[in-house]
Amino acid sequence: MQSFSPLQQQILLKAGIALSTLTESQVIQLANHDSQVESLTDDQLVEFLKIANATYRGGAPIIPDDEYDFRYLNELRTRHPRHPYLSSVEPESSFEGKTVELPVPMLSTEKTYSKADLQKWLRGIEKEAANVGMESEQIRLRITPKLDGYAAYDDGQYLYTRGDGHRGTDITRVFDRGLSVAGNGKRGQGAGEIVILKSFFVRHLAEKFENTRNFQASIIREKNLDPLTEKAIAEKAAVFYPFAALPAWNGSIAEFLSKFDEVAGEIRSSVDFDVDGIVIEVVNEDIKRNLGATRHHHRWQLAYKENLEKAIVQVLDVRPQTSRSGRVNPVAELEPTQLSGASIRNVTAHHYRMVEENGIGPGAVIELIRSGLVIPKIEKVLIKAEPKIPQCCPSCDTELIWQRDYLICPNTSDCPAQIENTLEHFFKTIKNVDGFGSQTIKRLYAEGIRTLYAIYTLDKDKLLQMGFGEKTAQNLLDQLQRSKTQPLEDWRFLAAFGIYHMGLGMCEKLLQHYRLQEIFGLTADQLLSVERFAKITANAVAEGLQRIEDRFWNLYHLGFNIQTTPLLTEGLKSENSPLAGKLIVFTGAMTSGSREDLKSRAKALGARIAGSVTGKTDLLVVGKNVGAVKMNDAIGKGVKIISEEDYLALISQNRAPSLTDADAQSEAQFSLF
């Protein structure tokens with residue numbers, strides 16, 4: 001994928017998605033795995049999710065569905081478990097037609113790829129049954145195939161797209177074109193999906209349409225159907241399939257679990273349509289009523305998705321690769337093979353004890369799976385081979401030592417791989433600097449630059465002497481200066497030093513209890529008092545802090561614009577703040593400071609910050625040059641809108657407009673135009 005296709009551009013335009021925090025080039029790099037999700041800001045991650053969702057539902061996906069779930073949605077869930085995007089129904093793409101309120105809400109279906117999570121969900125159902133005086137044996141489940149089509153709702157008179165779950169587009173025209181209900185069924189059976197027979201698609205459509213979703217979208221989107229589409233509709237290969245009419249297995253929880261593979265296999269193969277899993281739902285009305293729903297999904301329903309594709313592949317070689325922590329990781333080089341739509345050439349073997357015990361070496365034959373995971377893994381070794389266990393570090397030639405299952409390079413001070421990876425990790429983590437990727441770092445290392453302090457104290461003459469061009473040298477210096485002057489969260493600055501166990505979340509937890517300047521005097525016992533710091537973690541962090549202390553202070557005193565995390569004790573003082581507990585979105589150019597400054601101050605006053613407007617947003621604060629999308633979202637969802645000036649008055653308590661004042665929104669809107 002080199003750029004957006006015309007169809008993808010059209011989908012994004014109709015969906016009202018404009019690139020604001022990402023460029024098209026960045027989106028393509030992410031889709032091609034040339035960039036890492038960890039490098040994205042929160043706003044960029046949400047924007048990429050919206051783009052991926054819109055193109056997938058519009059029939060021209062930039063990434064596969066499981067990759068959307070595991071690589072990107074899980075990243076947002078890890079960073080912000082309660083982010084508004086996670087609780088909203090992922091909208092279908094916009095199509096021509098009138099937008100109307102749906103007869104009933106069409107929520108998303110919660111998904112899992114794990115049998116353990118499925119069993120945990122079923123235990124929750126059993127607990128809820130007990131609450132309504134019902135025995136486990138009385139719980140009835142209905143298992144149906146999870147169609148991979150176009151969600152729609154048929155009330156007998158109109159057919160609607162799912163839209164955002166509450167408002168959809170009237171696409172009754174597809175029935176006027178001759179689309180029928182599966183099995184010659186009657187109209188008005190409620191929710192279902194527009195689907196195409198796989199066998200028909202392979203015979204007649206595969207050369208013209210990239211995938212079945214692409215064709216399904218064309219039924220809705222095209223004003224004039226081409227002959228092939230008309231043929232599919234006329235021969236009833238393309239149909240609307242109501243969920244209520246799907247083939248189903250019914251039984252108890254115990255029966256379902258005891259026959260799981262058999263039931264799941266039969267249900268998946270029960271229809272000649274694209275199926276990407278099974279849907280498990282509770283039939284008992286009392287339990288359903290008690291469980292209810294979130295804004296995103298019904299709690300009494302779960303989709304179990306499993307990517308069953310496997311590949312048998314030969315190992316060509318196993319290469320050692322030294323990480324910034326000193327661990328030497330085995331990477332198996334494979335015969336190129338296609339798996340779940342991706343070309344796989346390398347896979348990690350996790351650690352060298354696994355290589356040794358399982359006989360993973362050149363010539364070994366392994367079973368490779370993705371099983372819902374984005375990153376492929378070795379499921380089993382079918383034919384063993386003599387493993388290659390390195391004796392020395394591939395980067396510095398130091399003799400390796402065993403630490404439990406891992407081979408470790410002990411040369412922390414002079415190992416090129418450890419130093420280069422550590423330097424690169426810093427710049428990747430602080431995120432406000434460009435130009436210091438692996439190639440630049442390698443070049444600086446070759447010129448004797450081995451520390452962050454040495455990089456930050458470079459001047460133009462030194463860079464020119466190293467062979468950098470005039471323009472490149474100036475750009476690098478400008479980027480270094482930018483990284484010091486732009487606001488930088490204290491927890492991000494700390495995480496950039498790469499202490500073991502100290503990712504972004506753990507650093508933020510620590511700095512909610514202690515100031516950044518205080519942490520180097522902490523003992524392991526003191527760290528134990530911080531949430532999520534168990535004994536092993538506390539000991540490792542205490543040692544890690546001692547190890548980086550000199551490097552930290554050298555860099556800190558260069559004058560970074562570090563933003564301080566409010567202590568939890570300070571958060572208690574903000575309970576009476578007018579922002580306490582409010583979910584706020586900032587948009588537009590601010591005049592009183594950067595948007596990040598305003599966000600930090602709002603957090604200190606007890607607010608929660610989001611990047612996009614949802615029904616849960618309490619307040620949209622607008623500066624200059626405001627885009628229409630967020631404004632329209634806020635107006636449509638009844639979110640209060642105030643100007644930057646009124647917001648500053650609110651937090652200063654000088655002229656505090658009430659957030660519940662009915663006139664506040666109209667006054668604020670008037671001041672914007």
Q: Just list whichever of Lys120/Lys535; Lys428/Lys509; Lys111/Lys509; Lys462/Lys603; Lys50/Lys599 have alpha carbons separated by over 31 Å in the model shown.
A: Lys462/Lys603
Q) Roughly what percent of Cα-Cα pairs across the range 99-199 reach past 17 Å? A) 64 percent
Q) Listed highest first by mean packing, meaning other Cβ atoms within 10 Å per residue, what order do 400-412, 253-265 come in? A) 400-412, 253-265
Q. If we count every other residue with Cβ under 13 angstrom of Thr440's Cβ, Lys/Arg +1 and Asp/Glu -1, where does the sum land?
A. -1
Q) What is the distance in Å between the Cα centres of the range 42-83 and the range 253-271? A) 30 Å
Q: Hey, can you grab everything whose amide H is under 5 Å from the amide H of Gly251? Only 5+ residues off in sequence or another chain; H modelled, so Pro and N-termini drop out.
A: Leu141
Q. What FRET efficiency do you get for Arg142 and Leu528 if R0 is 60 Å and r is their Cβ-Cβ distance, rounded to the nearest 0.05?
A. 0.80
Q. Roughly speaking, what is the stretch gain from Ala206 to Leu228, that is 0.36 nm per residue apart minus the C-alpha to C-alpha distance, in nm to one decimal?
A. 6.8 nm
Q: Would you mind estimating how fast the range 99-304 diffuses translationally, via Stokes-Einstein at 20 °C and 1.002 mPa s with the Kirkwood radius over Cα pairs, in µm²/s?
A: 118 µm²/s
Q | For the chain, calculated [θ]222 nm from helices alone, where every DSSP H run of n ≥ 4 adds -39500 (n - 2.57) | A | -10500 deg cm²/dmol
(Q) 7 Å from Cα along Cα→Cβ at both Asn131 and Leu316: what's the point-to-point distance in nm? (A) 5.6 nm
Q. Beyond 37 Å, what share of the Cα-Cα pairs of the chain remains, rounded to the nearest whole percent?
A. 49 percent
Q) Can you work out ³J(HN,Hα) from phi for every residue in the range 386-402, in order, using Karplus 6.51 cos²θ - 1.76 cosθ + 1.60 and θ = phi - 60°, giving whole Hz and x for Gly and Pro? A) 5, x, 9, 9, x, 9, 10, 5, x, 9, 10, 6, 6, 5, 7, 10, 8
Q: Using only the alpha carbons of the range 416-562, determine the length spanned along each of the three principal axes and report them from longest to shortest in whole angstroms.
A: 52, 30, 21
Q) Which order, highest average first, do 188-198, 542-552 follow once you tally other Cβ atoms within 10 Å for each residue and take the mean per peptide? A) 188-198, 542-552
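Once you keep just the Cα pairs under 8 angstrom separated by 6 or more residues, what percentage relative contact order results for the range 348-436?
Dividing the mean separation by the residue count of the range 348-436 yields 22 percent.
Report the relative contact order of the chain, percent, no decimals, based on alpha-carbon pairs under 8 angstrom and at least 6 residues apart.
9 percent
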Q) So which cysteines in the chain don't have a second cysteine's C-beta under 4.7 Å from them? A) Cys392, Cys507
Q: Provide the descending list of Cα extents for the range 257-392 along its principal axes, expressed in whole angstroms.
A: 64, 37, 28
Q. Counting only the backbone N, which residues of the range 1-27 are under 20 Å from the spot 7 Å out from the Cα of Arg482 toward its beta-carbon?
A. 19-27
Q | J(HN,Hα) series, the range 164-171, from Karplus relation 6.51 cos²θ - 1.76 cosθ + 1.60, nearest Hz, glycine and proline x | A | 9, x, 10, 10, x, 9, 6, 10
Q) So if R0 is 22 Å, what FRET efficiency would Lys380 and Gln403 give, r being the distance between their Cβ atoms, rounded to the nearest 0.05? A) 0.25
**Q.** Highest-first arrangement of 289-302, 379-392, where packing means the average Cβ count within 10 Å
**A.** 289-302, 379-392
Q: Please work out how much length the chain gains when fully extended from Glu262 to Asp461, using 0.36 nm per residue of separation minus the C-alpha to C-alpha distance, in nm with one decimal.
A: 64.5 nm
Q | Computed over the range 163-320: relative contact order in percent, which uses C-alpha pairs under 8 Å that are six or more apart | A | 23 percent
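Computed from the coordinates by the stated procedures, all read-outs in this text should not be read as laboratory data. Note that this is a predicted model, so its numbers are computed, not measured. Heads up, the Cβs are rebuilt from the backbone with ideal geometry, glycines too, and the neighbour counts pull from every protein chain shown.
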